[in-house]
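Notes to accompany the following structure.
What follows is calculated from the coordinates using simple rules that are stated; it is not laboratory data. Just so it is clear, the model here is predicted, and its values are computed rather than measured. Cβ sites come from the backbone with ideal geometry, for glycine too, and all protein chains shown count toward neighbours.
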Amino acid sequence: MATLHSWQSGTALLMALGITTGAVAPLIAQPAQAQTAFSDVQSNYWAAEFIDELSDRGVIRGFPDGSFRPNDPVTRAQFAAMVRQAFDRNPTRSAINFRDVPSNYWAYSAIQEAYTTGFLSGYPNNVFQPNQNIPREQVLVSLSSGLNYAVNGSATTALSVYRDASSISNFAVNGVAAATQKQIVVNYPNVEFLSPNRSATRAEVAAFIYQALVSTGQVASVESPYIVGQVAVPTQPQTVQIPRGTVLPIRYADDADKIYISPEEPEPVPVTLTIDRDVVSQSGTVLIPVNSQVVGELRPVNGGVQFFAREIVLTNNRRLSINASSQIVTTTETIRRGADAGRIISGAALGAAAAAAIAGVTGDDAIATEEVLGGTVAGTLLSIFFGRERATLYVINPNDDLDLTLNAPLTLQ
């Protein structure tokens, strides 16, 4: 086994799977599971067995803090180092000096070996691009090439298992098809989607490398529902619970940087918010994907206005009831007669009564005919505010004021 190098920083890290860190704060999901050798890879993590087996064989290592950082991307240089650790292959072509890989570069030897053994090639003009994140399809082509795998029969037929097969680059079709036939491909969370052009993560590269070792008879096969072509073993769905008190990060999907709500709104104001980043368990499992929609309403309460969530629509269109609410927003703005209505409503979303209040106080009747949140026509409320000298409205900065706190546990499968 080749000796691992050190990073230029002097810290000994995993050469094969990258150093980029993630910034997603984990949430606690119940029930708790025993952890593996890495602090952020629990035993129920989808790639835990691949990672553990390669770690036991000395092919991969974690970070000094005990983490593995499975969702970080992998660069071409890091992948070259991983290949060097995993496979003992004879050279099939002469070495080449890449213009962007000097002899003192930390992965110089690994890149040379990956090139001479056929796992990796360069780009035009004799460059390698060692710091480029490597796409999933390129990893699979590399493994097929280095192991001399060729597609058996029709590549189109082999790739028909993927719903996104049309996204595979022309250069990668045969290599990915061969890797598919050799059961090297592992697709999480949906085995039918290859996502060929997405940067491969550390966990995904570990899974691909392990399955390549399985294909050569060097390691025993493992059972996983995410291995393409492997018969899935039926399992009971796992129920996890996001606990009461968890804060869900959100953003406001519409192009508005503030929302005006009147204390005299005749009914709750419907608003849809968007989950701003993945909500994950301690094991790294995505519980609520980024861009899921939170459907709810703004209601005037004593001394302010508050958002109440009713339903969350996940990115796969699954709908779940949710009991969550924002803080009470008490910030107000007083609209006075003669004010510039256009300036006030620029970049704003309006509740029906808020729109009528601005129109009635400023005398700008055009506002009362506009559609507002929920589709209500504000003009029907204009008579309530017509002739007033002023109106006080609650003003909400949705991207700062409306983060949601669960009032009851949210159960998912």
Under 11 Å from a label point 7 Å along Cα→Cβ of Arg388: give me every residue in segment 340-360 with its amide N that close.
353-360
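What shape does segment 48-215 have by the C-alpha gyration tensor, where a ≥ b ≥ c are the square roots of the eigenvalues, rounded means a/c under 1.5, and otherwise prolate means a/b greater than b/c and oblate the rest?
Numbers: a/c = 1.60, a/b = 1.17, b/c = 1.37.
In terms of gyration-tensor shape, oblate.
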Overall form of segment 241-280 per C-alpha gyration tensor (a/c, 1.5; a/b vs b/c):
oblate
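Excluding Pro249 itself, what net charge comes from residues whose Cβ is under 14 Å from its Cβ, given Lys and Arg +1 and Asp and Glu -1?
Values: positive: Arg251, Arg277; negative: Asp276, Asp278, Asp400, Asp401, Asp403.
In short, -3.
Could you calculate the FRET efficiency of Val222 with Thr334 from 1/(1 + (r/R0)^6), where r is the beta carbon distance between them and R0 is 51 Å, rounded to 0.05? The partial results should precede the final answer.
Working: r = 66 Å, r/R0 = 1.29.
Here the calculated transfer efficiency is 0.20.
Take Arg84, Arg343, Arg299 and order them by how many other Cβ atoms sit within 10 Å, fewest up front.
Numbers: Arg84 26, Arg343 8, Arg299 16.
By the 10 Å Cβ count, ascending, the order reads Arg343, Arg299, Arg84.
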What is the local net charge at Arg57, summed over the other residues whose Cβ is closer than 15 Å to its Cβ (Lys, Arg +1; Asp, Glu -1)?
-3
